[in-house]
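K.L.:
Dropping the structure in here first, questions after.
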Amino acid sequence: MKTLSEKRQEIRKLQKEKYRIELGLLRPLPMVPYALIESWGECGKKVCRCHQGQLHGPYWYLSQHWGGKTRNIYVPKEKAAKIQVLADRYKEYEGKLTRLRAIQKEIMELLKEIEKSAFVPPSKMDVKKPTEKKWTTRKAGQ
């Protein structure tokens, strides 16, 4: 179990990491919100080499899954390397956003622990127990 001081130090460390990540996200480089995928396939010719294991390709596609559907956009081979850089940037950006959410969750959990350690139990407050009141009901108009 961490001490209160250790919890505060951990929060400060997480806040510094969060700040560094946020600074990096403020000015993103150009990116595409897709994954670049490589595809190999067979054609319809019965005597083609692809039916013996030498598939046609590679063919490159930008792929995005959104709203329960996958959308693929063909990418010419000569543009694949440049687009891969843009797709990698997006993946890195999303990874940083995921890390930010995890950091915030850790901070909130630590703050909840600190909050619990500050609670004063009723036995230490020198208060009387509440007395039970007997309620009577009356009909309207009485």
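Each reported figure results from applying straightforward, stated rules to the coordinates on display, with no laboratory input. On a predicted model such as this, the values are computed, not experimentally measured, just so you know. No Cβ is skipped: glycine too gets one built from the backbone with ideal geometry, and neighbour counts run over all protein chains shown.
K.L.:
Spelling out what I want: for every residue of the range 52-69, take phi, set θ = phi - 60°, compute 6.51 cos²θ - 1.76 cosθ + 1.60 (Karplus), and round to whole Hz; glycine and proline get x.
P.N.:
9, x, 8, 5, 6, x, x, 10, 10, 9, 8, 10, 9, 9, 8, x, x, 10
K.L.:
Determine the sum of side-chain charges near His51: Lys and Arg each +1, Asp and Glu each -1, restricted to other residues whose C-beta is under 10 angstrom from that of His51. Before the final figure, lay out each step's value.
P.N.:
On the way: positive: Lys45, Lys46, Arg49; negative: Glu42.
Once positives and negatives cancel, what remains is +2.
K.L.:
Given the pairs Lys45/Lys69; Lys7/Lys116; Lys2/Lys112; Lys7/Lys112; Lys13/Lys91, which span a C-alpha to C-alpha distance of over 19 angstrom in this model? Don't skip to the answer; put the middle values down first.
P.N.:
On the way: Lys45/Lys69 30 Å; Lys7/Lys116 12 Å; Lys2/Lys112 13 Å; Lys7/Lys112 11 Å; Lys13/Lys91 25 Å.
Over 19 Å apart, Cα to Cα: Lys45/Lys69; Lys13/Lys91.
K.L.:
Please work out the C-alpha center-to-center distance from the range 50-123 to the range 13-40 and express it in whole Å.
P.N.:
9
K.L.:
Oh, and also: Out of these labelled values of volume of the Cα convex hull per residue in Å³, (1) 126; (2) 370; (3) 104, which was calculated from the coordinates shown here?
P.N.:
Given (1) 126; (2) 370; (3) 104, the structure-derived one carries the label (2).
K.L.:
Sticking with this one: In sequence order, what are the phi-derived ³J(HN,Hα) couplings for the range 84-98 according to the Karplus relation 6.51 cos²θ - 1.76 cosθ + 1.60 with θ = phi - 60°, rounded to whole Hz, with x for glycine and proline?
P.N.:
Once rounded to whole Hz, the list reads 4, 4, 5, 5, 5, 4, 5, 4, 5, 4, 5, x, 5, 5, 4.
K.L.:
With a sphere of radius 13 Å drawn around the Cβ of Ile83, what net charge do the other residues whose Cβ falls strictly inside it have (Lys, Arg +1; Asp, Glu -1)? Present the calculation step by step, with values, prior to reporting the outcome.
P.N.:
Values: positive: Lys77, Lys79, Lys82, Arg89, Lys91; negative: Glu38, Glu78, Asp88.
Cβ neighbours under 13 Å give a net charge of +2.
K.L.:
I've got another one for you. Please compute the Kirkwood hydrodynamic radius of the range 9-77 from all pairs of different C-alpha atoms, in Å with one decimal.
P.N.:
On the way: mean 1/r = 0.0616 Å⁻¹.
The answer is 16.2 Å.
K.L.:
Let me ask something additional. Would you mind ranking Trp66, Trp135 by Cβ crowding within 10 Å, fewest neighbours first? If you can, show how the numbers build up before the last one.
P.N.:
On the way: Trp66 9, Trp135 5.
Going from sparsest to densest Cβ surroundings: Trp135, Trp66.
K.L.:
Rank the residues Asp88, Asp126 as a footprinting-exposure proxy: fewest other Cβ atoms within 10 Å of their Cβ go first. Write down the numbers at each step before the final one.
P.N.:
Numbers: Asp88 14, Asp126 6.
With the fewest neighbours first, Asp88, Asp126 line up as Asp126, Asp88.
K.L.:
Summing Lys, Arg as +1 and Asp, Glu as -1, what charge do residues with Cβ under 14 Å from the Cβ of Lys96 carry, Lys96 excluded?
P.N.:
Working: positive: Lys18, Arg20, Arg27, Arg89, Lys91, Arg99, Arg101; negative: Glu17, Glu22, Asp88, Glu92, Glu94.
So the environment of Lys96 carries a net charge of +2.
K.L.:
Contour minus end-to-end for Arg89 and Lys45, with contour as 0.36 nm per residue of separation and end-to-end as the Cα-Cα distance?
P.N.:
Details: separation 44, 0.36 × 44 = 15.84 nm, distance 3.92 nm.
That pair, Arg89 and Lys45, stretches by 11.9 nm at full extension.
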